[in-house]
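Here is the structure we will look at.
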């Protein structure tokens, strides 16, 4: 009886210690983001080459906690120049990155387009067309929302860490409207495939 009470007391001590450590984190560094417009708030965020989500969702239970050391952070949005930051993070440090994306004037606008609607669960998954990150799935689903692409054959990849990557190829004609629907299957982070966007 005394032995079981002692074991129970030790378990509660470890649980209490774990809760206290989580509340007063002195090892991991936290990266927070702020974006001035919806362009920044809906932009994709990469940490050390790995897609982690779109800027506006990376708070609360999706906050970015990193081991101390050097980290590369990139923020990308279709039609805009990449924002990048390379920081050395210290234990317990909280870093606020103010993201401002600038239009990429070098990208030509096509004369003819087709429209892709993308309905994916979870909607926070990253959408890549021909290897380029274009946004998260929720941006291209619903009334008045869609992804304009050139009439041609395109490789579509939808990926999110912790889920198996969905890939398909679509051929679209001028002024055609096409919808892609899928639900990503949960899996290991190793099954997600590379999340690096081509430049």
Compute the label zone of residue 179 within the stretch 111-152: residues whose backbone N is under 17 Å from the point 7 Å along Cα-to-Cβ.
-> 115-123, 137-148
Just grab the label-to-label distance for residue 169 and residue 28, each label 7 Å out from Cα along the Cβ direction, in nm (one decimal).
-> 4.1
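If you count, for each residue, the other Cβ atoms within 10 Å and average over each peptide, how do 91-97, 124-130 line up from highest to lowest?
Numbers: 91-97: 13.3, 124-130: 21.0.
Result, highest mean first: 124-130, 91-97.
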Average projected area [Cα convex hull, the stretch 114-192], square nanometres = 4.6
Computed lengthening from residue 143 to residue 67, 0.36 nm per intervening residue step minus Cα-Cα distance | 23.2 nm
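Could you give the length gained on full extension between residue 130 and residue 85, defined as 0.36 nm per residue of separation minus the Cα-Cα distance, in nm?
Details: separation 45, 0.36 × 45 = 16.20 nm, distance 2.53 nm.
Length gained, residue 130 through residue 85: 13.7 nm.
I need to check one value: relative contact order of the stretch 51-196, counting alpha carbon pairs closer than 8 Å and at least 6 residues apart, in percent. Intermediate values should be presented prior to the final figure.
Numbers: 266 pairs, mean separation 31.4, N = 146.
It rounds to 22 percent for the stretch 51-196.
Readers should treat all values here as calculations from the given coordinates under stated rules, not as data from a laboratory. Remember, predicted model here, so these are calculated numbers, not experimental data. Neighbour counts run over all protein chains shown; Cβ positions are idealised from the backbone, glycine included.
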